[in-house]
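Engineer: First, the structure itself, so that you have it in front of you.
What follows draws every value from the coordinates through simple rules; no lab data is involved. Keep in mind that what you see is a predicted model, and the values were worked out from it rather than measured. Cβ coordinates were reconstructed from backbone atoms using ideal geometry, including for glycine residues, and neighbour counts include every protein chain displayed.
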Amino acid sequence: MKFDLLTLFPGMFSGPFSESMIKNAVEKGLVEISLHNIRDFAFDKHRVTDDYPYGGGAGMVMKVEPLTACLESVKAARPSSKVILTTPGGRPLSQSLVEELAAEDGLIIICGRYEGVDDRVRELYVDLEISIGDFVLTGGEPAAVVLVDAVSRFIPGVLGSSESAQDDSFGNGLLEYPQYTRPPEFRGLTVPPVLLSGNHLEIKRWRRRQSLRRTFFARPELLETEALTEEEKQFIRTLRNGGGIQD
Ligand code: SAM
């Protein structure tokens, strides 16, 4: 997977991509991340990349010429990559969208700044607008880090062989069950005995119920689209009636 990030602040990425799994993925050649400084494509004397908004109002807008020049140079090298604009007004990022994006050859991600980018960039080049949540960041760089991180987890070989992005929260439509590791007791809190039993069927059943329970309390709307067995539907009814908490 090839990621091309268009930014006015390339230095913001040096930390996030130089540690842990993304660093390893880059070193193994599974993921390629290229940073492109939009200012390098501002050809006027002062290399200006922003200007006042037409119609007035607060803040500045990212100019169309440097950004399109930058995009065109990247797109020429990566004709099959999808162009993504990070914006609070975009499609909300979800695990299913992340999985869709992981199937692409490459992603060209535009990191906005100030009040955003001149809308003609969107009209001319953008394939998909993405929001990472209903809040406003100072710039698209943290959103780009989130995208690179989440999408990379679906690239074969990026996670360890025993791990699977499908087993995580949302992988099967539900939140993940609680996880524990040693010691078996900490400050009076013990690990649920079933996890120490070695009975894999019982462990699987317990985990599924815990997933249902967590999802029911934290994100009940996710259950609406989940295929449930009769036994599971009964379990949800029990939760709804105030039971099943210790199950
Ligand atoms: N004026 C814009 C608005 O109200 O929609 C907000 C601009 S924001 C201060 C600057 C840049 O940060 C945006 O152009 C976008 O690239 C990025 N950004 C801010 N919030 C975001 C979010 N929730 N998801 C993705 N990108 C975001």
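Engineer: If one computes the Cα centroid of region 12-80 and of region 134-161, what distance in Å separates the two points?
Structural biologist: Answer, in whole Å: 16.
Engineer: Report the per residue volume, in Å³, of the convex hull enclosing the C-alpha atoms of region 185-240.
Structural biologist: Enclosed volume per residue, from the Cα hull, is 102 Å³.
Engineer: Based solely on C-alpha atoms, express the radius of gyration and the Dmax of region 1-47 in angstrom.
Structural biologist: Answer for region 1-47, Rg first and Dmax second: 13.1, 41 Å.
Engineer: What's log10 of I(q)/I(0) for region 1-160 at q = 0.09, 0.10, 0.13, 0.14 Å⁻¹, Debye sum over Cα points only, no solvent?
Structural biologist: Reported log10 I(q)/I(0), two decimals: -0.28, -0.35, -0.58, -0.68.
Engineer: Can you tell me the length gained on complete extension of the stretch A77 to Y52, counting 0.36 nm per residue apart and subtracting the Cα distance?
Structural biologist: 5.8 nm
Engineer: Most exposed first by the Cβ proxy, i.e. fewest other Cβ within 10 Å, how do Y114, Y52 rank?
Structural biologist: Y52, Y114
Engineer: Follow-up. For region 133-194, divide the Cα radius of gyration by the Kirkwood radius and give the resulting Rg/Rh value with two decimals.
Structural biologist: 1.12
Engineer: What is the order of C70, C111, fewest Cβ neighbours within 10 Å to most?
Structural biologist: In order of increasing Cβ crowding within 10 Å: C70, C111.
Engineer: How large is the direction-averaged shadow of the alpha-carbon convex hull of region 16-107, in nm²?
Structural biologist: Directional mean of the projected Cα hull area for region 16-107 stands at 8.5 nm².
Engineer: Given a Förster radius of 22 Å and the C-beta distance between S34 and E123 as r, what FRET efficiency does 1/(1 + (r/R0)^6) yield to the nearest 0.05? Don't skip to the answer; put the middle values down first.
Structural biologist: On the way: r = 25 Å, r/R0 = 1.12.
About 0.35, to the nearest 0.05.
Engineer: Here is a further query. In region 2-152, what % of DSSP beta bridges are antiparallel (nearest 5)?
Structural biologist: 10 percent
Engineer: How would K82, K28 line up from fewest to most surrounding beta-carbon atoms within 10 angstrom?
Structural biologist: By the 10 Å Cβ count, ascending, the order reads K28, K82.
Engineer: Can you pull the one-decimal nm distance between simple spin-label points at R91 and F43, each 7 Å off the Cα toward Cβ?
Structural biologist: 3.4 nm
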